[in-house]
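A short worksheet on the structure shown next.
The values are calculated or read from the model by the stated rules, or taken from the named source; none is laboratory data. What you see is a predicted model; the values in this text were computed from it and never measured. Quick reminder, even Gly has a Cβ in these numbers, built from the backbone with ideal geometry, and neighbours come from all protein chains shown. With ligands, DNA and RNA removed, areas are computed over all heavy atoms of the protein, side chains included. Shrake-Rupley method; radii C 1.70, N 1.55, O 1.52, S 1.80 Å.
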Amino acid sequence: MVTVAVAGGGGGIGLEIVRAILVTKKHDLIVLSRSKQPSLTTQGVDVRIVDYKSVEQLKNALEGVHTVISCIAAYGDDSTAAELSLLEAAKIAGATRFVPSEWNSACNDIVDLYAGKELVWKAVQSSGLQYTRFVNGLWMNVWGPGCIRDEDEALGAYKDRPAFSIDLKAGTAIIPGDMSQEIVVTRTQDVGRFVAATLDLPTWEAESRISGDRLSLGEVVQLARDICGREIRTTQMSVEELEAILAGSLEIGERFYYQLLLAVALGRMNFEPTLNELCSDIQPVTTAEFLRKHWTRD
Ligand SMILES: NC(=O)c1ccc[n+]([C@@H]2O[C@H](COP(=O)([O-])OP(=O)(O)OC[C@H]3O[C@@H](n4cnc5c(N)ncnc54)[C@H](OP(=O)(O)O)[C@@H]3O)[C@@H](O)[C@H]2O)c1
């Protein structure tokens, strides 16, 4: 049993992790948030309201905490500063373990909005704390928007966002690189289960790699056709085409989208998992199961 604090645990991937930790009934759980989280408080979670500009206040909120998991939305200077304060506070408060807000794969050097993650990662590595960064590839839930069954579950931590690469509702897809480039995709709910299980591991590797499924986007399109009977019009985009688009002037959201497509095309979302074997009792949902569950009526 450890006392674990999840920063940003009121929403997104943080909430999935909180839910999974609650299911284990093993750990003392604290959520750090900038606002009240009544739905968590009513479940008995100790929600501590924090101001990320105050290391002193964060330190007090982390008193007695063993493991700090950052799930702060890691896009831009504000959140980078918040994570660095959280790390500093974790050190002063005497925490043992720290997890930075990564939840992706090796593409921090490609995606402008992830530049801050690299700064935090370097600070984590020299912090003297035990640490791991979770690498989970693309969230499978990016194929949830507009689904025909259990949309809340299909979206998981990926709420109010557009589909990525393959839009099953519109019946369109942009496939970066060649159709056979494999990527790792993991449902956010499964990420939560793996993270909760990791709390019990006696030692942590620098990277904890999780794979829900590994396949190419071309195979996902084929599964959508075969399992869901959906016609998907695909457009392929080569690395050169993506680079040409990125050389132009783009709005920040578009730039983010094309940089992620480039990361896929360059194979940055393809990796060997490490945690699946260590936590072999967790059977993550496959893409075929996900599509059957959310995009078919039976
Ligand atoms: N692999 C993938 O496909 C994928 C997809 C999406 C996101 N991600 C990653 O997952 C992580 C979480 O991202 P997200 O977009 O899902 O987060 P999010 O749901 O937008 O935000 C999570 C929490 O972060 C806190 N937060 C937001 N801005 C903050 C700030 N400036 N300072 C301090 N706290 C702040 C908020 O908590 P409070 O308001 O309660 O304080 C919020 O509930 C990021 O590292 C992101 O890169 C990965």
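Worth a mention:
- From Arg161, Arg149, residue being more than 10 Å from the ligand (Cβ to nearest atom), open to solvent by 60 Å² or more (accessible area, probe 1.4 Å) and not assigned by TED's automatic domain parsing to the domain that holds Glu56: Arg149
- There is at least one residue in segment 165-179 that is among the hydroxyl-bearing types (Ser, Thr, Tyr), open to solvent by less than 10 Å² (accessible area, probe 1.4 Å), within 12 Å of the ligand (Cβ to nearest atom) and not assigned by TED's automatic domain parsing to the domain that holds Pro100.
- Residue, most open to solvent (accessible area, probe 1.4 Å), within segment 1-11, restricted to residues that are over 20 Å from Ala81 (Cα atoms) and in a loop (DSSP other than H, G, I, E, B): Met1
- Output for segment 200-230, where each listed residue is outside any strand (DSSP E or B), touching a strand residue (DSSP E or B) at 6+ places or on another chain (Cβ under 8 Å) and within 21 Å of Asn104 (Cβ to Cβ): Trp204, Ala206, Ile210, Ser211, Gly212, Leu217, Val220
- Long-range neighbours under 9 Å by Cβ, at least six apart or interchain, first residue among the acidic types (Asp, Glu) and modelled with pLDDT of 95 or more within segment 4-32, second part of a helix (DSSP H, G or I) and open to solvent by less than 10 Å² (accessible area, probe 1.4 Å): Glu16/Thr188; Glu16/Asp190; Glu16/Val191; Glu16/Gly192; Glu16/Val195
- In segment 208-222, residue surrounded by the fewest Cβ atoms within 10 Å (Cβ to Cβ) [restricted to those that are aliphatic (A, V, I, L, M) and within 16 Å of Gln181 (Cβ to Cβ)]: Leu215
- Among the residues making up segment 118-127, those that are open to solvent by less than 80 Å² (accessible area, probe 1.4 Å) and either in contact (Cβ under 8 Å) with a residue 12 or more places away in the chain or part of a loop (DSSP other than H, G, I, E, B) (or both) are Val120, Trp121, Ala123, Val124, Ser127.
- Residues located in segment 12-45, provided they are outside any helix (DSSP H, G or I), within 11 Å of the ligand (Cβ to nearest atom) and open to solvent by 30 Å² or more (accessible area, probe 1.4 Å): Arg34, Ser35, Lys36, Gln37
- Looking across segment 48-82, the residues that are of a type in the set (A, V, I, L, M, F, W, C) and under 23 Å from Trp204 (Cα atoms) come down to Leu62, Val65, Val68, Ile69, Cys71, Ile72, Ala74.
- One residue from Val99, Val124 being closer than 27 Å to Thr286 by Cβ, more than 10 Å from the ligand (Cβ to nearest atom) and modelled with pLDDT of 95 or more: Val99
- Filtered by the rule that a residue be of a type in the set (Ser, Thr, Tyr) and within 26 Å of Ile210 (Cβ to Cβ), segment 222-273 gives Tyr257, Tyr258.
- Filtered residues of segment 87-136 (kept if hydroxyl-bearing (Ser, Thr, Tyr) and in contact with a Cys (Cβ under 9 Å, 6 or more places away or on another chain)): Ser101, Tyr114
- Residue check, Lys91 open to solvent by 40 Å² or more (accessible area, probe 1.4 Å), on the phi > 0 side of the Ramachandran plot and away from the ligand (no atom under 14 Å from the Cβ): no
- Close pairs from segment 231-252: first over 17 Å from Val111 (Cβ atoms), partner open to solvent by 100 Å² or more (accessible area, probe 1.4 Å) and hydroxyl-bearing (Ser, Thr, Tyr), Cβ under 7 Å, at least 6 apart: none
- Scanning segment 275-293 for residues that are touching an Asp or Glu at 6+ places or on another chain (Cβ under 8 Å), of a type outside the set (A, V, I, L, M, F, W, C) and either surrounded by fewer than 17 Cβ atoms within 10 Å (Cβ to Cβ) or outside the structural domain of Gly146 (by TED's automatic domain parsing) (or both) turns up just one, Lys293.
- Screening the candidates Ala106, Ala115 for the property of being assigned to a loop (DSSP other than H, G, I, E, B), open to solvent by 10 Å² or more (accessible area, probe 1.4 Å), outside the structural domain of Leu262 (by TED's automatic domain parsing) and of a type in the set (Gly, Ala, Ser) yields one hit, Ala106.
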